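This structure is in structure tokens; I'll ask about it shortly.
Bear in mind that the values in this text are calculations on the coordinates, not laboratory data. Since the model is a prediction, treat every value here as computed from it, not as a measurement. Here Cβ is always computed from backbone atoms with ideal geometry, including for glycine, and neighbour counts include all displayed protein chains.
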Amino acid sequence: MADISLQKTAKTARRGRGRPFQKGQSGNPAGRPRGSVNRGTRAASLLFDGEAEALSRKAIELALTGDAAALRPCLDRSVAPRRERPVEVVLPPINSAADLLGAIKAVAGAVGCGEITASEAVALSQMIDTFFRTIDASDFDIRLKRLEERRAAERDNYHGPFAG
């Protein structure tokens, strides 16, 4: 008697190897229904219903006895995450690329005096760099328009090689 596991059946012979479905199509086009929950998650939820208060109290008690693993989630829940603080740095007015050096010097000076942190200086420097790129793009656009206008005027005034 031949081993059935080694024989190809008519169904497996038709299927391409490694691709049970056509490219771009899944076996369940509708997908998983919205709001559906895994059975394990549902079971855990049923177990913890009504026990949340007791578990929270136990975690707090463990944290108060010095258990670091219990202390961390308690502190994470009780203390809000630190947000960015407003940074006050007096920057000179920036009207052209020539003014950017003064702005960078002001940022570096604020770091040197301890008024702002290095990471805050990086954020300010990136803002100044964006400002520089904007000025550069604007200047380029102005120069290009002037050049195009000059070329158009030259074309209008040109009457050919035999004009006289």
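According to the square roots a ≥ b ≥ c of the eigenvalues of the Cα gyration tensor, what is the shape class of segment 97-155, taking rounded for a/c under 1.5, prolate for a/b larger than b/c otherwise, and oblate for the remainder? List each step's numbers first, then the result.
Values: a/c = 9.65, a/b = 4.00, b/c = 2.41.
Note, shape of segment 97-155 comes out prolate.
Could I have the simple spin-label model distance between Val89 and Gln126, label points 7 Å from Cα toward Cβ, reported in nm to one decimal?
Taking the two extended label points, one gets 1.3 nm.
Let me ask something else. Can you order the peptides 88-95, 45-52 by their average number of other Cβ atoms within 10 Å per residue, highest first?
Details: 88-95: 11.6, 45-52: 9.2.
The packing order, highest mean first, is 88-95, 45-52.
Let me check I've understood the local charge: for Val89, count other residues with C-beta under 12 angstrom from its C-beta, Lys and Arg +1, Asp and Glu -1. What total comes out?
Numbers: positive: Lys105; negative: Glu88, Glu115, Glu120.
Combined, the nearby Lys, Arg, Asp and Glu give -2.
Next up: If we count every other residue with Cβ under 14 angstrom of Val111's Cβ, Lys/Arg +1 and Asp/Glu -1, where does the sum land?
Neighbour charge sum, excluding Val111 itself: -2.
Which parts of segment 35-53 would a label at Asp67 reach, counting a residue when its backbone N lies under 20 Å from a point 7 Å out along Cα-to-Cβ?
Answer for segment 35-53: 47-53.
With a point put 7 Å past each Cα toward its Cβ, work out how far Arg32 is from Ser96 in nm, to one decimal.
6.1 nm
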